[in-house]
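Engineer: What follows is a structure written as structure tokens; I'll ask about it next.
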Amino acid sequence: MASESTTFNNSGDGLMDYATFTEYSQSTPVPVYVSALLTDKNVEASLSGVGDNVAILPKMNTTLLDSLSRSDNPNYHRFKELEKSEYSILSEETGLIEGKNKDKKWIIDPIDGTFNFLNGLPHFAISIAYEDKSEIISGIIFDPIKNEMFFAEKGNGAYLNNSRIRVSNKSDFKNSCLVTGGPKINSKKREFIFKEYQKISTDVNSHVRKSGSAALDIAYVASGRYDGYWHREINYWDIAAGIILVKESGGFVESLNSGSFSEKKIDIIATNSKIHKELKNLL
């Protein structure tokens, strides 16, 4: 893997240069494998309006897909296994691809925190969850810059790399460290979400953060770095892996919509359990 100093050492415009990204991605198995799900058309559509830097992603996808198609690539066999899978796949870039077995599903976000990535901010992740009969069974959230792998499996706990993780033990809500995400520009709840943020921020002495990566936000709740997380109108693929992480690390996570998670926009709350009631009462 390229070193962290190399990864974002570029021409000075804050972006990872293309040559460095190619070198980095080809030496990092998980990002290369997952990035194969990206398509030029879908990336451009999902990032329309971001700015001139959008053009870099389709170029990266072409290189990654070409690389994976070569039998000498160490990830070639993984790519081919994915193609043959009978399981369904839900991804930000592809939507739902139904397999022969509709009960079993991979839920994938190849780059969560895309805007951070495009602007050279070293805070983004790859998120993969496995769902069986509408229940998340296992999940992985990988931060390639910090080399942190958060993973959990139902009944077997949650881990960061090789160490067991637990949610925080904080019960003083006013001194809790919370994290959230802002509304999309076309959200009908935009004004409501801003007012909600202001109300909660006041209650916790302004200890509310916004990082730009929902996957890492919820992973940080699971590992005790944040005490609680809430987000309106979040996509399922952004938080699917995080659901099992929080549950297996001793926290509470729930949908505020109907009590269950789905493929539609979700209002989510995840906490260390001790501040759950107080945060939920403000939502």
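Residues checked against (1) assigned to a strand (DSSP E or B); (2) buried (at least 17 other Cβ atoms within 10 Å of the Cβ); (3) among the β-branched types (V, I, T):
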{"residue": "N186", "(1), (2), (3)": "no, no, no"}
{"residue": "I193", "(1), (2), (3)": "no, yes, yes"}
{"residue": "E196", "(1), (2), (3)": "no, yes, no"}
{"residue": "D217", "(1), (2), (3)": "no, yes, no"}
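Engineer: For F151, which of the numbered conditions (1) over 26 Å from A125 (Cα atoms); (2) in a strand (DSSP E or B) fails to hold?
Structural biologist: So F151 meets the others, but not (1).
Engineer: So which residues in the range 115-143 are crowded, with 23+ Cβ neighbours inside 10 Å and either out of contact with any strand residue (DSSP E or B) (no Cβ under 8 Å at 6 or more places or on another chain) or small (G, A, S) (or both)?
Structural biologist: A125, S127, A129, G139
Engineer: Looking only at the range 178-208, count how many residues are of a type in the set (D, E, K, R) and free of Cβ contacts under 8 Å to residues at least 60 places away in the same chain.
Structural biologist: Number satisfying all stated conditions: 6.
Engineer: Still on this structure, I have one more. Taking the condition assigned to a loop (DSSP other than H, G, I, E, B), at pLDDT 75 or above, surrounded by fewer than 14 Cβ atoms within 10 Å (Cβ to Cβ) and not assigned by TED's automatic domain parsing to the domain that holds K265, does K146 pass?
Structural biologist: The answer is yes for K146.
Engineer: Mind telling me which of the residues S176, S171 ends up being over 18 Å from the mean Cα position of the chain (by Cα) and buried (at least 20 other Cβ atoms within 10 Å of the Cβ)?
Structural biologist: S176
Engineer: With the requirement that a residue be assigned to a strand (DSSP E or B) and among the hydroxyl-bearing types (S, T, Y), what does the range 88-125 give you?
Structural biologist: S88, S91 - these are the residues of the range 88-125 that are assigned to a strand (DSSP E or B) and among the hydroxyl-bearing types (S, T, Y).
Engineer: If only one of S211, S168 is polar (S, T, N, Q), over 22 Å from K274 (Cα atoms) and either outside any loop (DSSP other than H, G, I, E, B) or touching a residue at least 40 places away in the same chain (Cβ under 8 Å) (or both), which one is it?
Structural biologist: So the residue among S211, S168 that is polar (S, T, N, Q), over 22 Å from K274 (Cα atoms) and either outside any loop (DSSP other than H, G, I, E, B) or touching a residue at least 40 places away in the same chain (Cβ under 8 Å) (or both) is S211.
Engineer: Same structure again: Take the range 86-141 and flag every residue that is over 17 Å from A241 (Cβ atoms), touching a Ser or Thr at 6+ places or on another chain (Cβ under 9 Å) and of a type in the set (D, E).
Structural biologist: Those that are over 17 Å from A241 (Cβ atoms), touching a Ser or Thr at 6+ places or on another chain (Cβ under 9 Å) and of a type in the set (D, E): E98, D103.
Engineer: Would you tally the residues in the range 81-95 being surrounded by 12 or more Cβ atoms within 10 Å (Cβ to Cβ) and at pLDDT below 80?
Structural biologist: Total meeting the criteria: 5.
The values are calculated or read from the model by the stated rules, or taken from the named source; none is laboratory data. As the structure is a computational prediction, the values presented were derived from the model and not from experiment. Positions of Cβ are generated from backbone atoms using ideal geometry, with glycine treated the same way; all protein chains shown enter the neighbour counts.
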